[in-house]
1. Averaged per residue, what accessible area in Å² does the stretch 263-374 show with a 1.4 Å probe, protein chains only?
2. Hey, if you put +1 on the Cβ of every Lys and Arg and -1 on every Asp and Glu Cβ in the chain, which of 368, 345, 163 ends up farthest toward the positive end of that dipole?
3. Assigning unit charges at the beta carbon (Lys, Arg +1; Asp, Glu -1) and nothing else, what dipole magnitude in debye, to the nearest 20, does the stretch 23-128 show about its Cα centre?
4. Give the aspartates and glutamates whose C-alpha is closer than 18 Å to that of residue 419, dropping any in the same chain fewer than 8 places away, or say none.
5. So, counting K/R as plus one and D/E as minus one, what does the shell of residues with Cβ under 12 Å around residue 40 add up to?
6. Which aspartates and glutamates, if any, have their Cα less than 12 Å from the Cα of residue 303, not counting same-chain residues under 8 positions apart?
7. Over the heavy atoms of residue 463, what accessible area does a 1.4 Å probe trace out, to the nearest 10 Å²?
8. Roughly what % antiparallel, to the nearest 5, for the DSSP beta bridges in the chain?
Amino acid sequence: MKKLIAFLTAALLAAGVFAQKIPSYGTTNSASQFLENGKSKYVSIFAVNDIHGTIEEDLAGKNPGGAKLSEVIKELKLANPESIFVSAGDNYQGSALSNLSQGKIMSDFFKKVGLVTSAIGNHEFDWGDDLFAKWEADGGFNFVACNLIDKRTGKIPSWCKEYELCYIGGHLICIIGSATKDTVFTAAKKRIENFEFLDPAKCIRKVLRKVEATYSPEAVVVLSHIGSHMNRLSGTPVSASNDPTDKFELEDVAKLNGVAAIITGHSHEYVNGTINGKPIVQAYNYGRAISQIKLTFNEKGLKSAKGNVIEVFKNKDAITEDPEILSLVAEYKAKYGGQLGEKICQVEDELSHEETVPNVTPLGYTIASAMKSAYKTDFAVTNGGGLRKSVKAGTLTVNDMWELIPFDNTGVILTLKGKDLKKIVDHGINSVGFRAGQFAGGKVSYSSRQPEGSRVTRIVLDDGRTVNDNETYTCVVNDFMAEGGDKYTVISDGIKAGTISANNTYIPFRDAVIEQLKSWGAVRKGWSEIPQILFAE
């Protein structure tokens, strides 16, 4: 019966009954790969996630850059001719060349490496929604997200599809896209106010049944920006969400009958395991790795689906560079390079900002200190996830600062009571689901025995004043936090209630920090060690 349905579907497709034109990929040029009727035994889907505009190699770090990544993709496609290349989202925001070109350099890169489709990440909305159609046109791919609704129309946006159908090695494969509900906490509210992010599993189920009834694909793979991480105790993937009330996005999708595998992103982790026997993969971030879903077929159809993560960064020094991508980078550096090479200051010790550090990092303290001085406030707090890299010792340039602070957030000066300042600092301590808050301006004592919101017991400001609950102070944050981003609702709720006064300076806090660091001239030795500012009681 399945063969009959597949035959009838193929006949209808050939006759043009279904309007959608389905592209074909793969060469089936190896006789050993043939199953029957020109179909391959094996099909691979290769993916990156959270590349964040990382087009240049980090010579001292793990990021291979676009030229080396392109060569790896070529080699993978050569070894696996029946394959396609996709992305799990967060493609653009993050590097100076990508930010200054509003993602154009990354779309050009995707065009050259043959990206077929991409999920929609939360940071795709950092410039609003005006660029999606241009990114698709320039990059030659489609965005997919079946759970994204435009409130203005009640439908999926015009620049988005629910799913992508393609023939790979002669097999009809359906790739269903999904954004994460986490976007409402990890994107600026003003950028996503016109959109609704529905439950992924429920939307995928509806699309799955529709596609099965219409096309009868031989395999369905979910391409998502859903966060995941490996449970260290069980060794299995689990959901990684900023929303503690919605921890099961990944698990719920994995329960769906008909889904063969899930490609994930968002949490910047290595993930390679199974849930309900279905492979779940994620390839770190910044192009450091490429994930793979390998589908195996026999005469009856899909036999198995297996996951793999190719850790590119471990061998990056031995990888040659694609001259075409090097030329692309040179073109954009010629256009923007002059202003990017400008020296800001000298950094005498490395300022680390490792994701494994649960509290204030040397870099976080440095940036928050610069914010406090630049905006002339009593205290400064910034979200740890807004700082995207460590800083090596040496000359710090404008390019480094664009990569370090890629988001165009502005400084917001809060006038507030001491009790609210304590709650803001409290929220970022030992955080779960988001990077720890970074602060400067005083010494903080806290008790881990108390519930969140009342853990901070004492703050002594740099000038020696002890923060009193009912006295007034100033604190600079960024507009992402002021709008409740990373669940800093103590700020957004306080602004709405009138208990916190907020003055948006509309000065990009990256620019303010750059000017402050220039005035310092150097970040002296000793700043690589965090001063004793956080005390656990």
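The values are calculated or read from the model by the stated rules, or taken from the named source; none is laboratory data. These figures come from a predicted structure and were not determined experimentally. Don't worry about glycine lacking a Cβ; one is built from the backbone with ideal geometry, like all the others, and counts go over all protein chains shown. Surface accessibility is based on the protein's heavy atoms, side chains included, excluding ligands, DNA and RNA. Shrake-Rupley method; radii C 1.70, N 1.55, O 1.52, S 1.80 Å.
1. Accessible area per residue, the stretch 263-374: 44 Å².
2. 163
3. Values: 9 positive and 12 negative charges, 76 e Å.
My answer is approximately 360 debye.
4. 378, 452, 462, 469, 471, 493
5. Overall, the nearby charge balance is 0.
6. 218
7. Counting only protein heavy atoms, the figure is 100 Å².
8. Working: 62 of 96 bridges.
Within the chain, antiparallel bridges account for around 65 percent of the total.
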